[in-house]
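Below: one structure, written as structure tokens.
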Amino acid sequence: MAEHNALPLVILAEKFASLPGIGMKSAQRLAYHVMSMNEKDVEDFAQALIDAKKKVRQCSCCQNLTEREVCPICSDEQRDHSVICVVESPKDVTAFERTNEYNGVYHVLHGLLSPMDNVTPDMLRIKELLARIAKGGVEEVIMATNPTVEGDATAMYVANLLKPLGIKVTRLAFGLPVGGILEYADEVTLYRALENRNAM
């Protein structure tokens, strides 16, 4: 922002610009919009940020984000707990839930293997997945990572760990475009990918 702007406004814009997908022009628009809000709305906005950061945690079972010790999906007895859909991030759980077609449970890895970015297996929630499977009752693991180099590498790595355990491991069929992101896929595409998943 130009030097003539007040420093707190410049800092606010820089904070917005640090968010993914927000360029400096968008950040400046957001900063100016905050300045046009009444004080109560700004306080509510700030409190929502603080509450989300302090109150939301990872589910002790699937690692998805939740306010509870165990998330509503994991604690739902109507779900099929013998099928686990492994995804990269909590956003992917939301994408699958929009289809209203998948009735299993999830496991969130919170990232993908990426040697270039120094992301190693111990940085992902893989050991938590193995611990879940060790408890028994799991018949199939669906690898639903994005169809990228990192997503494929992660899927293969996890599949190789699970095969000796006698677990059926499948991969989403790709009606999803290569290089695409699950979060932006429409419900029909996700449903077809689930229905046409293949053994790994």
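The values are calculated or read from the model by the stated rules, or taken from the named source; none is laboratory data. Note that the structure is a prediction, hence the values are computed from the model and not measured. Using ideal geometry, Cβ is built from the backbone for each residue, glycine included, and neighbour counts are taken over all protein chains shown. Side chains included, ligands, DNA and RNA excluded: accessible areas come from the protein's heavy atoms. Shrake-Rupley method; radii C 1.70, N 1.55, O 1.52, S 1.80 Å.
Only strands (runs of 3 or more DSSP E) whose full extent lies in the stretch 65-169 are considered here, and the ones with at least 2 residues that are at pLDDT 95 or above, crowded, with 21+ Cβ neighbours inside 10 Å and of a type outside the set (A, V, I, L, M) are 104-108. Annotation: of all residues in the stretch 170-200 being acidic (D, E) and more than 17 Å from V86 (Cβ to Cβ), the one that is most open to solvent (accessible area, probe 1.4 Å) is E195.
Cβ-Cβ distances below 8 Å connect the following pairs, each with a first residue in the stretch 181-194 that is more than 18 Å from L112 (Cβ to Cβ), a second residue that is small (G, A, S) and assigned to a helix (DSSP H, G or I), and a separation of six or more residues or different chains: L190/A95.
The set of residues in the stretch 37-48 being in a helix (DSSP H, G or I) and either surrounded by 10 or more Cβ atoms within 10 Å (Cβ to Cβ) or touching a Phe, Trp or Tyr at 6+ places or on another chain (Cβ under 6 Å) (or both) consists of D41, V42, E43, D44, F45, A46, Q47, A48. There is at least one residue in the stretch 49-61 that is within 27 Å of P90 (Cα to Cα), small (G, A, S) and part of a loop (DSSP other than H, G, I, E, B). Here H4 meets the list (1) modelled with pLDDT of 95 or more; (2) farther than 30 Å from K135 by Cβ; (3) open to solvent by 50 Å² or more (accessible area, probe 1.4 Å) almost entirely, failing just condition (1).
Scanning the stretch 17-35 for residues that are touching a Phe, Trp or Tyr at 6+ places or on another chain (Cβ under 8 Å), more than 17 Å from A46 (Cα to Cα) and hydrophobic (A, V, I, L, M, F, W, C) yields a single hit, I22.
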